[in-house]
Amino acid sequence: MKKVGLYFGTFNPIHLGHLVIANHLVEFTDLDEVWFVITPQSPFKTKQSLLSNHHRYQMVLEATEEYPKLKPSNIEFNLPQPNYTVHTLAHLLEKYPNGYGFSLIMGEDNLKSLHKWKNYEVILENHNIYVYPRVSSGTIDHQFKNNPKIKMVTDAPIMEISSTFIRKNHKLGKNITPLLPAAVFKYMDEMNFYR
């Protein structure tokens, strides 16, 4: 059984923080692979700063090329909007009925709001959740504190890089190249994104 961790996000753009966390989880937990599940642009909300699905997929592809255990996933691109994680998981189980076990990867900040997710009980019943540390306020709901399905990855590095910071400062002409995989910066620059 291949254990796959699903790392959801817009990855607008994917940066070194995402890669460090994904690589840590695949090297230091029992996960065999991490799939970056790229959240599609909602047809109801067109955010100017959100690049089209295929450009964000291409950047994740470029970023993960040298890491065989990290893979891009466009699984949500053809699912009905808005996307709910519980539906994506059901779709994945349908698509890969044998040989795969899917877990979620989330930051500690997301765990604090998990009780607000659609059908979060169903997710917890059927999937493990790997939680990496984040600097955030608020408290973790008591029901998640000693849940055997929730695996706190306490030794993962705390990454405080944000895509918002990268976009904003790239637009201002700041040098943000150290925050991105070289191939991602090259693609971004050639396509003149976030200017």
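The values are calculated or read from the model by the stated rules, or taken from the named source; none is laboratory data. Bear in mind that the values here come from a model prediction, so they are computed numbers and not experimental data. Positions of Cβ are generated from backbone atoms using ideal geometry, with glycine treated the same way; all protein chains shown enter the neighbour counts. Accessible surface areas use protein heavy atoms only, side chains included; no ligands, DNA or RNA. Shrake-Rupley method; radii C 1.70, N 1.55, O 1.52, S 1.80 Å.
The residues of segment 48-74 that are touching a Pro at 6+ places or on another chain (Cβ under 7 Å) and either free of Cβ contacts under 8 Å to residues at least 24 places away in the same chain or aliphatic (A, V, I, L, M) (or both), listed by number, are 57, 59, 60, 61, 63. Go through the residues of segment 57-77 one by one and say whether even a single one is of a type outside the set (S, T, N, Q), part of a strand (DSSP E or B) and crowded, with 22+ Cβ neighbours inside 10 Å. Checked segment 57-77: at least one residue is of a type outside the set (S, T, N, Q), part of a strand (DSSP E or B) and crowded, with 22+ Cβ neighbours inside 10 Å. The numbered conditions (1) open to solvent by less than 70 Å² (accessible area, probe 1.4 Å); (2) more than 22 Å from residue 70 (Cβ to Cβ) are all true for residue 108 except (2). Of all residues in segment 164-185, those satisfying the criterion of being part of a helix (DSSP H, G or I), in contact (Cβ under 8 Å) with a residue 24 or more places away in the chain and closer than 16 Å to residue 61 by Cα are 183, 184. The number of residues in segment 92-105 being within 25 Å of residue 52 (Cβ to Cβ) and surrounded by 14 or more Cβ atoms within 10 Å (Cβ to Cβ) comes to 2.
For (1) part of a loop (DSSP other than H, G, I, E, B); (2) within 13 Å of residue 7 (Cβ to Cβ); (3) touching a residue at least 24 places away in the same chain (Cβ under 8 Å), each residue gets a yes or a no:
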{"residue": "82", "(1), (2), (3)": "yes, no, yes"}
{"residue": "104", "(1), (2), (3)": "no, yes, yes"}
{"residue": "122", "(1), (2), (3)": "no, no, yes"}
{"residue": "137", "(1), (2), (3)": "yes, no, no"}
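If the condition is being open to solvent by 40 Å² or more (accessible area, probe 1.4 Å) and small (Gly, Ala, Ser), then segment 130-189 contributes 136, 137, 138, 162, 173, 182.
On inspection, residue 11 passes the criterion of being open to solvent by less than 60 Å² (accessible area, probe 1.4 Å), outside any helix (DSSP H, G or I) and either under 24 Å from residue 188 (Cα atoms) or not polar (S, T, N, Q) (or both). Residues in segment 1-29 that are more than 23 Å from residue 101 (Cβ to Cβ) and of a type outside the set (A, V, I, L, M, F, W, C): 10, 12, 13, 15, 17.
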